[in-house]
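A short write-up of the structure that comes next.
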């Protein structure tokens, strides 16, 4: 009987999400549970069918973002426990013997194609694109010698490792229009003890504003600024159920165990109609988050002690 | 020879984007040019192959957002000329004689599936999902009696109008998990005279911040607030080429022809490393944008005249 | 032997400061100790020679303000314990038998004269002003039949109560150019237990800013705004010892025993080079200070409990 | 007949204000008109009886500040044309033959005494202070061998130059408790052409806020910050006629002829119930005002041209 933790991910094997999962935990230490989409992955965590899910949360080639943020914020509480960032790059794979010049039809998911179109225009200008239902489906069609949507294809663009995994010929690797493009994936679980602060943490939040005044947005951001907390991501989305109102998805640099973040969260809690805490977890970046002078835990402790003295009439 | 304007859109016929395009201009007054993805649509405008493109820009079920924002901001200038908002809802279509209880496998694009999963769980709990490369491809497979990815399917979820368009049986319409979900589409063209202000306009911008200080974000937003301009959308995205720096995509309520917006844009231009103007155009909403007291064009004209008098020593 | 508390004030008897002192404590319950100026009054408190001082702090007719603020902020700690506001109005006094039309020379302190010049222009246009070293000195000269600076005078302007106190003829009372003008006086003592909060309190501070950036001032004010604390007075003064830097004197509405004020003070302590706490005390105004929604002590307690739960992984 | 311009100042000869006036214009080039106080000086300008007035405006030893600011802001328009800063220091003067140890009673205006008390405590500890109606009156009493308020005095503290002016013995010069203390004086006239910008200018304003919200103060300051304009002085004063509302007196660094200041003034004019412009004039400091990047006149011109191009659809 397996006692390994179970991880849901956007399957099948060979997706970028699986590559992100593999970065986080070895298949020897975890049971990989492929699911059909992000809501399914997060629903499985909520239902207790798996322990964790790994899902794309930013700038994805596989969908995610909107679905991830919305599904995280609604329903039984979930928290982010870790993140990893993968470069957006592909392999061009085919059956043995196929070279660049032989490709007349190339398949991939349409999101993947959008990331390599300039490369294709230069490298395989003769090739026509045939959309597949997923990158993995396109590559499997090549491996099986089957058509995609009734159209024969010669080659597929797929995540790194696909050629090795399916025993296909690797024509070219590191295929990408933008060498800096990347996707961020997060590991999600049910609330439990928050991971220890590391000095390079993120806190992810969903916040509703009182109104659509730009003043309201400024006031919300001042709750962070007054404690020296920087943001690494902010996205507004209309609340379709409340026209003219907005929900904000925010990544703030710091950890709820740190005073500056705790006080900023308190400020949001006091002044915003809704604040959903989606976790404090180590950021993928290696460098520690700079701490603005006057905002360390020691600074907060000193200031608190000072106010206590004032209250007691002790100004010494 | 046709002199109708040419519009590129994410094809094929039957997509949500086509429905958005149809809302904007009748096929009798325009030539519809289906393309494979958003970059292709915008590239066709830039190359002069079409006059306009209609693309999804927010909360889409067909991809768009990230690709649209990035592709708009980079390359030869483009501007948004109009917008329209479509509810996110689907039709459940099948061959004649099929009812809810008969469906064992249902197909759709995976993004569409994410929008109807709760409905499916309740209404067709027995059905297994089979991902298609697009909603249109799934519906066409039903119409042609073909398999999807080698798997036979009984029904498809597709945009409104699909049953009528393909001669399929409409089992259920208005299918959606969230009755408020919607996608925003925009009409994009090459820069020319800006559309006249209507009193309910949006201005779309891409702005780079000097640094990742939360202070820098506040200062940028104060350029709007100091002129009483509200935002209806703000999204940060990391500049993968410049770690720690961010690009912001913004919709501000107002028109470049209005003084408050003009002065806010001047403020951004003076203080931010990059400001890309992506158009001033009528918002989809019917209500006029409220004008904060002191920010009308008349208020600006009065204030300018007052300063001119001061400069001349005329305080009368 | 007297065990009544000793109060220093700007003497002699008959000054506005004495009137303010009388409002705060009856001469039966306190020993009134006249001193020559504000620094002498505050120095006497610091030296333990008196228990309290009453000094003018805002918009005074007797000097005070600058001297009071500077002397409070420098040296051994002092705190404000109470305040009272007196209207700026005078009595026109003379020897028996003198009427408005008889006055050819009128005396007063030059500050007092500045407050009644328009009245004098209309009511005693024939009168020449003769400056006295204090209002009390002018009135005493009238009572004694002596000259002021070698010049005979017919009448004096002096604080309310002077005629009764010196047995002079009261020609006119409630003399003032501006019926709304007022002076604020404070009771100052050595630090001890802070007065209990009353719901209509002020907290007085001296704060140095890091630099002269207008940004620095905004950031300082955001420490108050982020906790919903309003200011009722702010005055910058150049730090002559540090050209280009500024010291701010601030009255904030609230009490250090309240969470919103405590957290604002902590924020200042963390981010400003110097913060001097000069007391939390009941405001003279009768109405309670409005509490911005989300900033009551209960709101702070709720927010703190919420963050504690998050830290423990308890999102229930 | 004299055609020299007439300058009102707080007399008599020998005051600090006269010293400030002398710094601004030689008595050969101007007619000095002593008046009794600041309202009289400014009233004489308004009435056309003099061309200019020189009055203390900040941190004065002779009164001024409050009276100056209030009197400037109310009534027929006046503007500041120049400023000068004098150190606060005194001469100790007496009749021939008197040395430090001989002084038993010393006279001065009580404001002056407040500036030298620590020096007196150390240097002439045996001396009792006798308040005079003005510093000049005290010194003249010494010169004439007369009593002050009926009390014989041995020495006087008076502005620099008094000994030479009155033929008195100079016992000690540069007497001051705080070597950095200074008073700022301004030259005031009727509105006419504004002095040319010099790159080191100040603009003085009186501004009423809409309400007493700290938010209103922040919004007012953001009008400056959004254009990179720094403040060198800000003072709130309660509007006694409108309890809970405040008037602000502000010195901003820059000139109305500069775009950044002009746009900030426009912003105030649009959003505040009252803005009184009290002049743009060269600051006393020698260093030019630093111009924040993006706020020079060239930056404004570039930004304006850019917006004009956008409006015309010209993005080239």
Checklist entry - Checking residue C:85 against (1) part of a loop (DSSP other than H, G, I, E, B); (2) surrounded by fewer than 23 Cβ atoms within 10 Å (Cβ to Cβ); (3) touching a residue at least 60 places away in the same chain (Cβ under 8 Å); (4) in contact with a helix residue (DSSP H, G or I) (Cβ under 9 Å, 6 or more places away or on another chain), which single condition isn't satisfied? => result (1)
Next on the checklist: So in the range D:144-154, with the set limited to residues that are farther than 10 Å from residue D:129 by Cα and in contact with a strand residue (DSSP E or B) (Cβ under 8 Å, 6 or more places away or on another chain), which one is farthest from the other protein chains (Cβ to nearest Cβ)?
Outcome noted: D:154
Next on the checklist: residue D:128 - would you say it is within 30 Å of residue C:11 (Cα to Cα), within 12 Å of chain C (Cβ to nearest Cβ) and surrounded by fewer than 19 Cβ atoms within 10 Å (Cβ to Cβ)?
Outcome noted: yes
Checklist entry - Take the residues of the range C:188-219 that are buried (at least 21 other Cβ atoms within 10 Å of the Cβ), within 12 Å of chain D (Cβ to nearest Cβ) and in contact with a helix residue (DSSP H, G or I) (Cβ under 9 Å, 6 or more places away or on another chain): which is modelled with the lowest pLDDT? => result C:214
Checklist outcome for this item: Across the range D:285-303, the tally of residues that are within 13 Å of residue D:199 (Cα to Cα), touching a helix residue (DSSP H, G or I) at 6+ places or on another chain (Cβ under 9 Å) and loosely packed, with under 15 Cβ neighbours inside 10 Å stands at 1
Next on the checklist: Of all residues being within 16 Å of residue D:110 (Cβ to Cβ) and not in a strand (DSSP E or B) in the range C:95-111, which is farthest from the chain's Cα centre (by Cα)? Just the residue, please.
Outcome noted: C:110
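Could you say which residue among A:67, A:13, A:8, A:53 is in contact with a helix residue (DSSP H, G or I) (Cβ under 8 Å, 6 or more places away or on another chain) and assigned to a helix (DSSP H, G or I)?
A:67
Quick check on residue B:165: is it over 28 Å from residue A:140 (Cβ atoms), touching a helix residue (DSSP H, G or I) at 6+ places or on another chain (Cβ under 7 Å) and outside the structural domain of residue B:12 (by TED's automatic domain parsing)?
Details: over 28 Å from residue A:140 (Cβ atoms): yes; touching a helix residue (DSSP H, G or I) at 6+ places or on another chain (Cβ under 7 Å): no; outside the structural domain of residue B:12 (by TED's automatic domain parsing): yes.
So residue B:165 does not fit the description; no.
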Next on the checklist: Step by step: first the residues of the range C:247-282, then only those that are farther than 25 Å from residue A:228 by Cβ and surrounded by fewer than 21 Cβ atoms within 10 Å (Cβ to Cβ), then the one that is nearest to the other protein chains (Cβ to nearest Cβ). Which residue is that?
Outcome noted: C:257
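Each row is one residue, and each column tells you yes or no for (1) under 15 Å from residue C:15 (Cβ atoms); (2) more than 14 Å from chain A (Cβ to nearest Cβ); (3) touching a helix residue (DSSP H, G or I) at 6+ places or on another chain (Cβ under 9 Å).
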site: C:41; (1), (2), (3): yes, yes, yes
site: C:58; (1), (2), (3): no, yes, yes
site: C:62; (1), (2), (3): yes, yes, yes
site: C:72; (1), (2), (3): no, no, yes
site: C:78; (1), (2), (3): no, no, yes
Next on the checklist: Take residue D:133 and tell me if it is closer than 30 Å to residue C:10 by Cα, facing chain C (nearest Cβ under 8 Å) and touching a residue at least 12 places away in the same chain (Cβ under 8 Å).
Outcome noted: yes
Checklist entry - assigned to a loop (DSSP other than H, G, I, E, B), within 13 Å of another protein chain (Cβ to nearest Cβ) and under 26 Å from residue C:222 (Cα atoms) - does that describe any residue in the range A:175-185? => result no
Next on the checklist: Among the listed residues D:49, D:62, D:74, D:28, identify the single one that is under 28 Å from residue D:167 (Cβ atoms) and surrounded by fewer than 18 Cβ atoms within 10 Å (Cβ to Cβ).
Outcome noted: D:28
Checklist outcome for this item: residue B:162 vs (1) surrounded by 21 or more Cβ atoms within 10 Å (Cβ to Cβ); (2) farther than 26 Å from residue B:113 by Cβ; (3) more than 8 Å from chain A (Cβ to nearest Cβ): all pass except (2)
Next on the checklist: Among the residues of the range D:176-187, are any at negative phi, out of contact with any helix residue (DSSP H, G or I) (no Cβ under 7 Å at 6 or more places or on another chain) and at pLDDT 95 or above?
Outcome noted: yes
Checklist outcome for this item: Reported set for the range C:195-224 where residues are within 14 Å of residue D:234 (Cβ to Cβ), assigned to a loop (DSSP other than H, G, I, E, B) and either touching a residue at least 40 places away in the same chain (Cβ under 8 Å) or out of contact with any strand residue (DSSP E or B) (no Cβ under 7 Å at 6 or more places or on another chain) (or both) is C:209, C:213
Checklist entry - In the range D:89-121, how many are closer than 24 Å to residue D:179 by Cβ, within 14 Å of chain C (Cβ to nearest Cβ) and either surrounded by 14 or more Cβ atoms within 10 Å (Cβ to Cβ) or free of Cβ contacts under 8 Å to residues at least 24 places away in the same chain (or both)? => result 16
Checklist entry - Tell me, which residue of the range C:225-246 that is surrounded by 21 or more Cβ atoms within 10 Å (Cβ to Cβ) and more than 9 Å from chain D (Cβ to nearest Cβ) is nearest to the chain's Cα centre (by Cα)? => result C:227
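Given the criterion touching a strand residue (DSSP E or B) at 6+ places or on another chain (Cβ under 7 Å) and modelled with pLDDT of 95 or more, identify the matching residue among B:92, B:86, B:72.
Working: B:86 fails: modelled with pLDDT of 95 or more; B:72 fails: modelled with pLDDT of 95 or more.
B:92 is the lone residue from the list that is touching a strand residue (DSSP E or B) at 6+ places or on another chain (Cβ under 7 Å) and modelled with pLDDT of 95 or more.
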Item to check | Every residue from the range B:148-159 that is farther than 30 Å from residue B:47 by Cβ, assigned to a loop (DSSP other than H, G, I, E, B) and in contact with a helix residue (DSSP H, G or I) (Cβ under 7 Å, 6 or more places away or on another chain) | outcome: B:149, B:153, B:154
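The values are calculated or read from the model by the stated rules, or taken from the named source; none is laboratory data. Bear in mind the structure is a predicted one, so any value in this text is a computation, not a measurement. Every residue, glycine among them, receives a Cβ derived from its backbone with ideal geometry; neighbour counts consider all protein chains shown.
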